[in-house]
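Heads up: the structure comes next, in structure tokens.
The values are calculated or read from the model by the stated rules, or taken from the named source; none is laboratory data. Fair warning: this is a prediction, and the values are worked out from it, not measured in the lab. For neighbour counting, all protein chains shown are included, and Cβ atoms are generated from backbone atoms with ideal geometry for every residue, glycine included. SASA here: full protein model, heavy atoms, side chains in, ligands and nucleic acids out. Shrake-Rupley method; radii C 1.70, N 1.55, O 1.52, S 1.80 Å.
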Amino acid sequence: YGVLRRRAIFGEFDVLYNRTSAVTISCKTPTVQAFRIPCETFKEILNQQQQPDAGSPTENVQALDAKIESVIQEVEGTKSLYGGNIIQPYKPDRIWLWSRLRGTVLQHAAKPTLLNMLWAAGFCLLAQTREPPFLAKLQMVHQIWTYQQGLTIFILTFFLNQAYSFWREIYTLGRQIQGRLNDIHLILATTAARKKPRERNSSTIYTPAAETCLDDIGQFSRLFHALFWASVTRRYEILQTKRGLERMASRGIITYKQLQALLDMDLPENQRHSAVLEWMMIRADQAMTDGTFVSDPAHRQYIISKICDLRTTCAAISDKIAGRMPLCYTHLVTILVDSFVWAAPLALFSELGTWSVLCVGVLTLFYSGLMDLAKIFLDPLDNEDFYPNSIDMDLGVLIRESNAGSTRWKRGAARLPF
């Protein structure tokens with residue numbers, strides 16, 4: 001899912017992993033010159049390559065390249081590689097919901113629930129051997145615990161609501177980035193220069209210069225979007241490395257000229273997407289100057305403002321993640337909830353006896369579950385891997401949808417009936 005230019009290669013991973021090739025190549029010209037490298041020769045060349053640069057992961061070359069390839073498969077091209085949604089969907093049916101376990105908070109809270117029930121069972125065995133004065137003291141513990149219960153409910157629900165609001169803000173900003181990219185492509189596609197039809201009933205088409213410019217800006221936007229999410233998401237960060245960019249060049253996602261420009265510029269790895277955004281603006285400005293796009297001042301200003309809005313929205317995600325929640329707040333809420341559930345065996349025995357074990361399990365499951373749910377909400381990009389297979393966003397879906405938008409508007413206006 002990309003454009004292979006000069007010096008590009010394909011099919012190498014099929015050789016490495018001894019699998020049947022599934023690559024489909026289409027030529028845009030009547031003829032093309034390609035060279036075939038035998039399997040044995042390719043592996044010999046690969047074995048002679050240097051190891052990863054200092055600071056790279058300690059994996060071997062094949063494992064590192066496989067990781068890069070896996071990420072590229074998620075973000076490249078203008079077609080969806082996988083079905084699915086950006087977040088895990090659900091069905092409203094009660095039976096279906098009750099049958100879910102994997103990827104839910106219940107699965108995550110099961111271990112602390114069982115541990116607290118074991119602690120409650122052990123305390124019950126100990127308390128049954130003690131004298132009545134001991135049980136009278138537990139009544140005081142129960143009264144104090146009841147006071148703490150009201151405070152815990154209020155603080156925990158408020159904390160969960162704030163965490164969900166943060167998660168929703170990141171999701172909304174991600175969609176806004178996608179929308180701004182689509183706005184830029186829509187405006188440029190509908191204001192690009194066109195040829196007058198030779199025949200009366202023929203439709204107008206883009207001029208060669210306009211089509212080339214739209215392709216360039218579309219490719220820049222796809223690269224920008226992938227590198228931006230790589231700058232804020234741990235599982236995509238390998239794309240920012242020299243080896244990741246080189247692999248993207250070999251797949252035709254970027255040109256070797258663009259690769260060299262990114263590697264030579266004096267920018268940190270996590271800021272390279274900013275340069276690509278500048279490429280978009282400069283390319284559009286050049287096209288408006290030479291008449292490839294509509295060049296009146298209002299249109300020029302609108303395009304510039306849209307690209308600046310895109311930069312602002314991207315920066316908002318980094319800013320929100322950096323200041324998502326103060327440590328002292330999360331620390332205090334965690335201590336409050338943990339002390340409440342771990343004190344439950346002491347507080348409930350005087351009222352429920354051995355039935356307190358079951359009650360402790362229910363309380364731990366839901367109170368600890370809500371606390372864990374809040375922490376998951378505070379990591380929407382799954383950078384901390386607090387709980388895998390949960391509610392983190394599938395950014396690959398978001399990126400592929402934007403990739404499709406980078407060509408959809410151009411194709412939609414390629415032929416006009418007037």
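Provide a single number: the residues in the stretch 242-272 that are open to solvent by 50 Å² or more (accessible area, probe 1.4 Å) and in a helix (DSSP H, G or I). So the count comes out to 10. Residue 371 passes every criterion in (1) open to solvent by 60 Å² or more (accessible area, probe 1.4 Å); (2) under 27 Å from the mean Cα position of the chain (by Cα); (3) not hydroxyl-bearing (Ser, Thr, Tyr) apart from (1).
Residue 309 meets the conditions (1) farther than 26 Å from residue 8 by Cα; (2) part of a helix (DSSP H, G or I); (3) in contact with a Ser or Thr (Cβ under 8 Å, 6 or more places away or on another chain) in every case but one. The failed one is (3). Going residue by residue through the stretch 177-188, is there one that turns out to be open to solvent by 50 Å² or more (accessible area, probe 1.4 Å) and touching a Lys or Arg at 6+ places or on another chain (Cβ under 7 Å)? Within the stretch 177-188, one or more residues are open to solvent by 50 Å² or more (accessible area, probe 1.4 Å) and touching a Lys or Arg at 6+ places or on another chain (Cβ under 7 Å).
What do you reckon, is residue 131 modelled with pLDDT under 85, surrounded by 10 or more Cβ atoms within 10 Å (Cβ to Cβ) and more than 17 Å from residue 367 (Cβ to Cβ)? Show your work before the answer.
On the way: modelled with pLDDT under 85: yes; surrounded by 10 or more Cβ atoms within 10 Å (Cβ to Cβ): no; more than 17 Å from residue 367 (Cβ to Cβ): yes.
For residue 131, the condition - modelled with pLDDT under 85, surrounded by 10 or more Cβ atoms within 10 Å (Cβ to Cβ) and more than 17 Å from residue 367 (Cβ to Cβ) - is not met.
Being of a type in the set (D, E, K, R) and over 23 Å from residue 169 (Cβ atoms) is the requirement here; does residue 400 meet it?
No: the conditions fail for residue 400.
Of all residues assigned to the stretch 80-90, at least one qualifies as being modelled with pLDDT under 90 and either crowded, with 16+ Cβ neighbours inside 10 Å or in contact with a Phe, Trp or Tyr (Cβ under 7 Å, 6 or more places away or on another chain) (or both). Every listed requirement among (1) touching a residue at least 60 places away in the same chain (Cβ under 8 Å); (2) under 30 Å from residue 312 (Cβ atoms); (3) of a type outside the set (Phe, Trp, Tyr) is met by residue 146 save one, (2).
Against the definition (in contact with a strand residue (DSSP E or B) (Cβ under 7 Å, 6 or more places away or on another chain) and either part of a helix (DSSP H, G or I) or of a type in the set (Lys, Arg) (or both)), how does residue 287 come out, yes or no?
Working: in contact with a strand residue (DSSP E or B) (Cβ under 7 Å, 6 or more places away or on another chain): yes; either part of a helix (DSSP H, G or I) or of a type in the set (Lys, Arg) (or both): yes.
Answer is yes for this residue.
Cβ separations smaller than 9 Å between residues 6+ apart or across chains give the following pairs from the stretch 322-347 residues that are farther than 24 Å from residue 380 by Cβ to residues that are hydroxyl-bearing (Ser, Thr, Tyr) and open to solvent by 50 Å² or more (accessible area, probe 1.4 Å): 347/146. Any residue that is in contact with a Cys (Cβ under 8 Å, 6 or more places away or on another chain), assigned to a helix (DSSP H, G or I) and touching a residue at least 40 places away in the same chain (Cβ under 8 Å) - is there at least one of those in the stretch 217-240? Looking for residues that are in contact with a Cys (Cβ under 8 Å, 6 or more places away or on another chain), assigned to a helix (DSSP H, G or I) and touching a residue at least 40 places away in the same chain (Cβ under 8 Å), one finds at least one in the stretch 217-240, hence yes. Among the residues of the stretch 328-341, are any hydroxyl-bearing (Ser, Thr, Tyr) and at pLDDT below 90? Looking for residues that are hydroxyl-bearing (Ser, Thr, Tyr) and at pLDDT below 90, one finds none in the stretch 328-341, hence no.
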